Amino acid sequence: GVFHARVQELLETRQTFETPQGRKRTNFKRVDTDTVKEFYSYIPQATVSDDVKSGMLRMWRTQDNDPWFWFLNEAHDSALAETHRDNKERYADLFRKEMQQPIDFRRGSFARDLQLVIPVELAWSDTNWKGMEGIR
């Protein structure tokens, strides 16, 4: 109820919604049922998407001028990368480290004294995307 009430308050006063990472969105449309539903999902969806993108950026920056993996795709809450089989464990370790950084919820429109880590899953294939199997 607290979250939904805050969404309603921000929509009614035309305030800007801000994620913990600083992404902002202001509603300029008429407030109706569809708008409310859209904004209920904005903070959770944007937070996850920004978390993946910032984790990918941190990972990429570790490579300096000698790339040993390449990102092939980012799809909101997932990333697809390619690396040599000899770098499988190195990549998995880096992925877990950078993609599981705490999200600081003390900032943004829904500030709470909370740091949240979103767990990740890793999969690997030596052949193709369809043949992927989980990595522990």
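In the chain, a dipole from Cβ-located charges (positive for Lys and Arg, negative for Asp and Glu) runs towards its positive end, and of Ala123, Ile43, Thr83 it is Ile43 whose Cα lies farthest in that direction. Please list, by residue number, everything in region 40-60 whose backbone N is under 19 Å from a paramagnetic label point 7 Å out along Cα→Cβ of Ala111. Hits in region 40-60 for Ala111 at 19 Å: 43-44, 47.
Hey, can you find the accessible area per residue of the chain for me, probe 1.4 Å, expressed in square angstrom? Walk me through the numbers on the way to the answer.
Working: 9080 Å² over 136 residues.
Normalised by residue count, the accessible surface of the chain is 67 Å².
Measuring between alpha carbons in the structure, the pairs from Lys24/Lys53; Lys29/Lys53; Lys37/Lys97; Lys24/Lys88 lying more than 26 angstrom apart are Lys29/Lys53; Lys37/Lys97; Lys24/Lys88.
In whole percent, how big is the carbon plus sulfur part of the accessible area of the chain, probe 1.4 Å, protein atoms only? Working shown, then result.
On the way: 4490 of 9080 Å².
Carbon and sulfur: 49 percent of the exposed surface of the chain.
Summary value for region 71-132: 19 percent relative contact order, contacts being C-alpha pairs under 8 angstrom separated by 6+ residues.
The values are calculated or read from the model by the stated rules, or taken from the named source; none is laboratory data. As the structure is a prediction and not an experimental result, all values here were calculated from the model. Cβ: placed from backbone, ideal geometry, glycine included. Neighbour counts: every protein chain shown. These area figures cover heavy atoms from the full protein model, side chains too; ligands, DNA and RNA do not enter into them. Shrake-Rupley method; radii C 1.70, N 1.55, O 1.52, S 1.80 Å.
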